[in-house]
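Colleague: Next up is a structure, given as structure tokens.
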Amino acid sequence: MTDHGSGRGPLHIAAAIDLPGTYESGPYAELALLAERGALDFVTLGDSFARPGPDALAVAARIAPATGRVGLVPTVTTTHTEPFHVQAAVATLDWVSRGRAGWTLDVSATEAEARLFGRRGAAPPEELWREAGEVADVAALLWDSWEDDTEIRDVASGRFIDRDKLHHVDFEGRTFSVRGPSIVPRPPQGHPVRVVDATAPPAREAAARHADVALVRVASVRQADAARAELRGLAARSGRDPDVLRVFAALDVDLGAASAPPSRATGEGRCPPPRAPPTGAAPSTWPT
Amino acid sequence: MSEKTAGHAGQGTGKQIHLAAHFPGVNSTTVWSDPRSRSHIDFSSFEHLARTAERGLFDFFFLAEGLRLREHKGRIHDLDVVGRPESLTVLAALAAVTERLGLAATVSATFNEPFELARRFATLDHLSAGRAAWNVVTTSDAFTGENFRRGGYLDRADRYTRAAEFLAAARQLWDSWTPPDRPRPFAHHGEHFAIEGEFTVPRSPQGHPVVIQAGDSPEGREFAASAADVIFTRHGTPEAGRAFYADVKGRLATYGRTPDDLKIMPGVTYVLGDTAAEAQEKAAEIRRAQVSPQNAILALEQVWGVDLSSYDPDGPLPDIDPDPGSELAQGRVKIGDPLAVAAKWRALSEAKGLSIRQTVIETTARQTFIGTPRSVAEELVEAVRADAADGFILIPHLTPGGLDDFVEKVVPLLQERGAYRTEYEGATLRSHLGLREPVWKG
């Protein structure tokens, strides 16, 4: 096993709680609570305009009050959405969950998705991931556009806020610009956690530059090691400390219930991954 | 309500009152300087108000929208509450801590796209088991547009045609699945939108979320009559309320709709006291808190359109004339005719000997119902029975306790008079409002 140096703390585990065809909140809340009992870092909720399913961020908000500690990480796409709305919604998820929000950035690359909006044609993934990176940048700027102690409620001067602590962001991207500041005060975590699925090559640069957590779907320990090394290398080249980037291996876990489809778990830690997740339900294995 | 003082739901013979609650926040009604005032951002404040509204058997809980922080003299306005969380996300979370209360979000039809927004509202309707409502607004200007890809500016007429087409497209999406669970392709090609594909969400429990329209303009009234379930209005006097009510209800027949298909709910404030005198005293106190000396000068500058910071709020009004072309205030509704408003304010100030602050208090503070719980209950019942309204959207001035006394003291009196439900009869917002479920257009 190659030594990657520092950056490996205790094992981190997350779980995907996607439930195709489920539009009510109960089953999602049950899975999130199960994950919470297992002390997982976070649960993810996938989302795409290209297939049936509810708005994932809304589902995350809906289950926030029922849970207390587990992170809530919906997918939020950046191609046909408004960066200003996206950052406000993610910041608000952080507020309603009292500091447990993250978001998995994703792009909408198909012509079919473009036709749902009728505003721009499909574009190459490289271009869309560059834009996703800019959305991540402007989100961070907007989250920081309110300093933490902006609200002062100074009755003597009649001022609710100290406006010197609010900042226009004046972001000029290739495809959009945002003046700012945000309408939402800085969220409890400052920056909700950014997750990128870095399995596909066009997403890797964005993951290395912008993600707190990169997911890689891999088939073996060796692949996981290689992907992690590549991402850390890219992060270092973009001027980041590679240790701030967590790399999670995504794998399907068969919990042994014959009728249930495998659920996806992701984890970062010393390779090989643990024999049993903290839920202790069943051994997890590398799919072959 | 723990105390069912009289009768059962629906037993009253007269017209029933509908009540809704407006979250206090970014407006000049909210008093943040009161020691009881808490966060306008923390989820606990939303939860407290929503739970109180549900305890009071309200139809729905209403959130306003802001897409750019307001500016004044080129700087961010700092005298009122500033900032708010994003509404649809807050409401999804509130669906977890309430069971029957309708959840209404104000969302611009200008800075959104039909596919995504229809999907977000359909999702909320599913996640709340049929309690979602959308207050369709069209406020758009270049100032707000600077935060969005779309940018730009639409003139007034375009704003409404775009909103109407947006809503029609959304309804088409909400109807696009074959119940219960088969997606079907949709296509909408209009002046403002050309979209096609498959929607990602089955028809939601209410069929279509409840649609609210806010605004009193002729275009707004027509839009509401053609497409809305609830109209959120501001009426001044009972006479103005009755005229508005008759006008809007009269427009419904053109669209094949009946008067019951559109509920008229003015936004109102209230102040309660144990005696009429005490209520008046509290009301005056609240007005003074709403219009701080700094806010009085700012209100004046919004009319005059020039810097008046050197004026004494406790002194007389300026004798210079307003600048009608001013861009001093950004992100606010424009004052229609500054010269006329200034003339009116001057006349009032001279007639009553009022200072700047007193004049602003007198002209801008909106307090609709002031009195004892009994007199307020009677006025509410009377306004509804006289066809000045179908109900009210209450705008409390305090977060999060601003509804407590109303629910505790006024609601039981409305129930006693047979004018208000003593329990929720249905589970959906449509059922609370007595609205029909929209026919599925397959």
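The values are calculated or read from the model by the stated rules, or taken from the named source; none is laboratory data. Here the structure is a predicted model, which means the values were calculated and not measured. Methodologically, a virtual Cβ is constructed for each residue, glycine included, from the backbone with ideal geometry; neighbour enumeration extends over all protein chains shown. Protein only, heavy atoms only, side chains kept; ligands, DNA and RNA dropped before computing areas. Shrake-Rupley method; radii C 1.70, N 1.55, O 1.52, S 1.80 Å.
Colleague: Determine ³J(HN,Hα), in whole Hz, for all residues of region B:21-32 in sequence, where each value follows from phi through the Karplus function 6.51 cos²θ - 1.76 cosθ + 1.60 and θ = phi - 60°; x replaces Gly and Pro.
Modeller: Going residue by residue, I get 10, 9, 5, x, x, 6, 6, 8, 7, 5, 9, 8 Hz, with x marking Gly and Pro.
Colleague: Output the relative contact order of chain B, whole-number percent, from Cα pairs under 8 angstrom with separation of 6+ residues.
Modeller: Here the relative contact order equals 27 percent.
Colleague: Could you name the aspartates and glutamates in cross-link range of B:Lys441, using Cα to Cα under 20 Å and dropping any fewer than eight places away on the same chain?
Modeller: Partners within reach: B:Asp125, B:Glu165, B:Asp175, B:Asp181, B:Glu196, B:Glu198, B:Asp229, B:Asp261.
Colleague: What does the highest-first list of B:168-174, A:84-90, A:72-78, A:43-49 look like by mean Cβ count within 10 Å?
Modeller: Result, highest mean Cβ count within 10 Å first: A:84-90, A:72-78, A:43-49, B:168-174.
Colleague: Using a Debye calculation, one point per C-alpha and no hydration shell, please list log10 I(q)/I(0) for region B:292-364 at q = 0.26 Å⁻¹ in order.
Modeller: For region B:292-364 at q = 0.26 Å⁻¹, log10 I(q)/I(0) is -1.33.
Colleague: Now a separate question. Carbon and sulfur together cover what percent of the accessible area of the protein assembly as shown at a 1.4 Å probe radius?
Modeller: Values: 14640 of 28790 Å².
Carbon-and-sulfur percentage of accessible area, whole number: 51.
Colleague: Residues of region A:80-105 losing 20 Å² or more of accessible surface, assembly versus chain alone, probe 1.4 Å, please list them.
Modeller: A:Thr81, A:Glu82, A:Phe84, A:His85, A:Ala89, A:Thr92, A:Trp95, A:Val96, A:Arg98
Colleague: Helix A:26-37 versus the longest principal axis of chain A: what is the Cα-based angle in degrees, 0 to 90, to the nearest 10?
Modeller: The answer is roughly 80 degrees.
Colleague: Using the beta-carbon distance between B:Asp155 and B:Ala246 and R0 = 30 Å, what value does 1/(1 + (r/R0)^6) give for FRET efficiency, to the nearest 0.05? Don't skip to the end; give the middle numbers.
Modeller: Values: r = 29 Å, r/R0 = 0.98.
That gives a FRET efficiency of 0.55.
Colleague: Compute the acute angle (0 to 90°) between the alpha-carbon long axis of helix A:201-210 and the principal axis of greatest extent of the alpha-carbon atoms of chain A; round to the nearest 10°.
Modeller: 50
Colleague: Here is a follow-up. Using the alpha-carbon atoms, what tilt in degrees (0 to 90, nearest 10) does helix A:125-143 show relative to the longest principal axis of chain A?
Modeller: Tilt of helix A:125-143: around 50 degrees.
Colleague: Which whole number gives the average count of other chain Cβ atoms within 10 Å of the Cβ atoms across peptide A:60-69?
Modeller: Values: counts 3, 13, 12, 4, 5, 8, 3, 1, 0, 0.
Per-residue shielding by partner chains comes out at 5.
Colleague: Can I ask one more? Can you tell me which of A:19-32, B:367-380, B:305-318 comes out highest on packing, and rank the rest after it, using the mean Cβ neighbours within 10 Å?
Modeller: B:367-380, A:19-32, B:305-318
Colleague: Cα centroids of region A:17-66 and region B:339-404: how far apart, whole angstrom?
Modeller: 45
Colleague: If I model a spin label as a point 7 Å beyond the Cα along the Cα-Cβ vector, how far apart are those points for B:Ala276 and A:Asp137 in nm?
Modeller: 6.6
Colleague: Could you state the per residue volume, in Å³, of the convex hull enclosing the Cα atoms of region B:283-442?
Modeller: 205
Colleague: If you split all Cα-Cα distances of region B:45-110 into 5 Å bins from zero, what percentages do you get per bin, shortest first?
Modeller: All Cα pairs, binned at 5 Å, distribute as 3, 16, 23, 19, 14, 12, 7, 4, 1 percent.
Colleague: Between B:Tyr311, B:Thr363, B:Leu339, whose Cα lies farthest towards the positive end of the dipole of region B:292-364 when Lys and Arg beta carbons carry +1 and Asp and Glu beta carbons carry -1, centred on the Cα centre?
Modeller: B:Thr363
Colleague: Once you list every other residue whose beta carbon is under 12 Å from the beta carbon of B:Ala168, what net charge do they have if Lys and Arg are +1 and Asp and Glu are -1?
Modeller: 0
Colleague: Go through B:319-326, B:193-200, B:278-285, B:113-120 and give me the packing order, highest mean Cβ count within 10 Å leading.
Modeller: Working: B:319-326: 12.6, B:193-200: 19.5, B:278-285: 16.1, B:113-120: 24.1.
My ranking of the peptides, most packed first, is B:113-120, B:193-200, B:278-285, B:319-326.
Colleague: With springs only between Cα atoms under 10 Å, which of A:Arg51, A:Arg153, A:Arg62 fluctuates most in a Gaussian network model of chain A?
Modeller: Of the options given, A:Arg153 has the highest mean-square fluctuation.
Colleague: Could you work out, residue by residue across A:148-159, how many beta carbons of other chains sit within 10 Å of that residue's beta carbon, and then give the average as an integer? Can you show the working numbers first?
Modeller: Working: counts 0, 0, 4, 7, 1, 4, 2, 6, 2, 5, 13, 6.
Per residue, the number of nearby Cβ atoms from other chains is 4 on average.
Colleague: Quick one: buried accessible area between A and B, total over both chains, 1.4 angstrom probe, nearest 100 Å²?
Modeller: Approximately 5300 Å², summed over both chains.
Colleague: Could you name the lysines whose alpha carbon sits less than 21 Å from that of B:Lys409, not counting residues in the same chain fewer than 8 places away?
Modeller: Within reach: B:Lys4, B:Lys15, B:Lys282.
Colleague: Give the long-range amide H neighbours of B:Ile231: residues separated by 5 or more places, or on another chain, with amide H under 5 Å away, using H modelled in the peptide plane at 1.01 Å from N.
Modeller: B:Gln213, B:Lys263, B:Ile264, B:Met265
Colleague: Now, a different point. With each label point set 7 Å from Cα along the Cα-Cβ vector, what nm distance links B:Ser310 and A:Glu147?
Modeller: 3.1
Colleague: Here's another thing I want to ask about it. Looking only at other chains, what is the average number of their beta-carbon atoms within 10 angstrom of each beta-carbon in B:124-134?
Modeller: Values: counts 5, 1, 9, 11, 4, 2, 0, 0, 0, 0, 0.
For peptide B:124-134, the averaged partner shielding equals 3.
Colleague: Moving on. Using modelled backbone amide H atoms (1.01 Å from N, in-plane), which distant-in-sequence or interchain residues come within less than 5 Å of A:Phe248's amide H?
Modeller: A:Ala214, A:Leu215, A:Val216
Colleague: Any chance you could check the Cα centroid distance between region A:198-233 and region A:132-196 for me, in angstrom?
Modeller: For region A:198-233 versus region A:132-196, the Cα centre distance is 29 Å.
Colleague: Report, by chain and number, residues whose modeled amide H sits under 5 Å from the one on A:Arg186, excluding near sequence neighbours (fewer than 5 apart, same chain).
Modeller: A:Trp146
Colleague: Now for a separate question. In deg cm²/dmol and to the nearest 500, what is the mean residue ellipticity at 222 nm of chain B if only DSSP H runs of at least 4 residues count, each as -39500 (n - 2.57), divided by the residue total?
Modeller: The helix-only estimate for chain B comes to -11000 deg cm²/dmol at 222 nm.
Colleague: Could I have the simple spin-label model distance between A:Arg69 and A:Ala39, label points 7 Å from Cα toward Cβ, reported in nm to one decimal?
Modeller: 0.7
Colleague: Select from A:Gly71, A:Ala56, B:Pro185 the residue farthest towards the positive end of the dipole of the protein assembly as shown; place +1 on Cβ of Lys and Arg, -1 on Cβ of Asp and Glu, and compute about the Cα centre.
Modeller: The listed residue farthest towards the positive side: B:Pro185.
Colleague: What do you get for Rg/Rh over chain A if you use C-alpha atoms and the Kirkwood form of Rh?
Modeller: Working: Rg = 19.6 Å, Rh = 20.0 Å.
Taking Rh as the inverse mean 1/r over Cα pairs, Rg/Rh reads 0.98.
Colleague: Tell me, Kirkwood radius of chain B from alpha-carbon pair distances, in Å?
Modeller: About 22.9 Å for chain B.
Colleague: B:Lys334: which lysines have alpha carbons under 20 Å from its alpha carbon, excluding same-chain residues fewer than 8 sequence positions away?
Modeller: Once the sequence-local lysines are set aside, what remains near B:Lys334 is B:Lys73, B:Lys344.
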